[in-house]
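Below: one structure, written as structure tokens.
The values are calculated or read from the model by the stated rules, or taken from the named source; none is laboratory data. Owing to the predicted nature of the structure, the values given are computational and were not obtained by experimental measurement. No Cβ is skipped: glycine too gets one built from the backbone with ideal geometry, and neighbour counts run over all protein chains shown. For the accessible areas, the whole protein counts, side chains as well, though only heavy atoms, and no ligand, DNA or RNA atoms are used. Shrake-Rupley method; radii C 1.70, N 1.55, O 1.52, S 1.80 Å.
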Amino acid sequence: MNLTTFAFPTRTLFGAGALKELPACLAGLGIRRPLIVTDAGLLNTGAFGALAATLGPAGQGKNWSLYSGVHPNPIENDVREAAVAFREHGCDGVIAIGGGSPLDAGKAARLLVKRPGFNLAAFYDEPDWSGLAPFIAIPTTAGTGSEVGRSSVITLEGTKRKAVIFHPELMAKLVILDPELTLGLPPKITAATGADALTHCIESYTCPAFHPMCDGIALEGVRLIVEALPRAYRTGQDLEARGKMLVAAAMGAVAFQKDLGVVHSLAHPLSTLCSMHHGLANALCLVAGMKFCAARKPGLYRRVGVACDLEVMKCTDAEADQRTIAFIADFLASLGLNAKLREHGVKNEQLEALVAQAFEDPCHKTNAVPVTSNDLRKLYEEVL
Ligand SMILES: [Fe+2]
């Protein structure tokens, strides 16, 4: 029997108004002067205003500093600039607020705070990850779940490719999930980020690694998303639905410490080559990916169907899959996530480059069934 490590260690404070606890949490972690890491788009939102109000007025005498230059897909220079700001302002901890990008940049910046001039591309050779500045993650979208992740996805200067910088020491000391911070998310972003979380839950549950704890979390994540995402999409001010989506997104990311699958391999090149939103890319590929897997491993989605509250326990394997996949297709369509890739600007001429990058992507290597380069081409053609 292979040895497996199970880890669910992130301390998480959840609830409407949880942000108000931040000053006490900072004191508890010994942080006197945090660096806030975010992107320019967040500065004018209510979420950032609430954070600034909680920490005290900006300006003279303020006890926090700001770096707001993170790109939508964070680049190495964002991480470098955040680390410089940290040192210049004498900070002693990082608070990242926003979607996955600021959270990933803030997470990784602590490595360059500790080791100025460190070559991020060589992170896998780094022997000593101890002593990173404490990190607090405050997500304002319910999708990537980066707040509970041990990795940071950064586009490196040298290769222009995304590198997944991974180490358990990168994890947050505290996550604050405050649904009040997500009330202002527009419906399209709510739907796309929620579809990312749904894809995390479905792909992590169906990948073959032995991890029954993650499986349970993934299936409950599916149940929460099926219940709450349509509500959050239609009624942005539904605080309960927003809260359930925040937890479900974190659950999806906890579950995918198990692994992901072919849908994420299809989605990653759509972001790097076609600038498509990651959640949207997953949503547009999810149904095709599920059909592909179910045809080769009948019955794969029966328990996902149960989590969607479908009567599939007594069906044949093929029928259980078919009903579950049809439900997911209708569910995504009800959220406006049923377009073809070409409707979002993807061109036929990009197909081979997409296939090549998708095949290089590691996610499909842990898919429920093996995936060839030709399979990826057929899947793209199906959704193009
Ligand atoms: Fe994802």
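Data table
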{"quantity": "Helices (runs of 4 or more DSSP H) within segment 37-156 that include 3 or more residues farther than 23 Å from GLU180 by Cα, away from the ligand (no atom under 16 Å from the Cβ) and open to solvent by 20 Å² or more (accessible area, probe 1.4 Å)", "calculated": "76-88"}
{"quantity": "Residue check, GLU311 among the acidic types (Asp, Glu), over 22 Å from SER204 (Cβ atoms) and in contact (Cβ under 8 Å) with a residue 60 or more places away in the chain", "calculated": "no"}
{"quantity": "Conditions (1) at pLDDT 95 or above; (2) touching an Asp or Glu at 6+ places or on another chain (Cβ under 8 Å); number of the one not met by THR10", "calculated": "(1)"}
{"quantity": "Filter result for the condition that a residue is closer than 18 Å to LYS188 by Cα, at pLDDT 95 or above and open to solvent by 60 Å² or more (accessible area, probe 1.4 Å), over GLU343, GLU319, GLU311", "calculated": "GLU343"}
{"quantity": "Filter result (open to solvent by 40 Å² or more (accessible area, probe 1.4 Å) and away from the ligand (no atom under 13 Å from the Cβ)) within segment 243-256", "calculated": "LYS244, VAL247"}
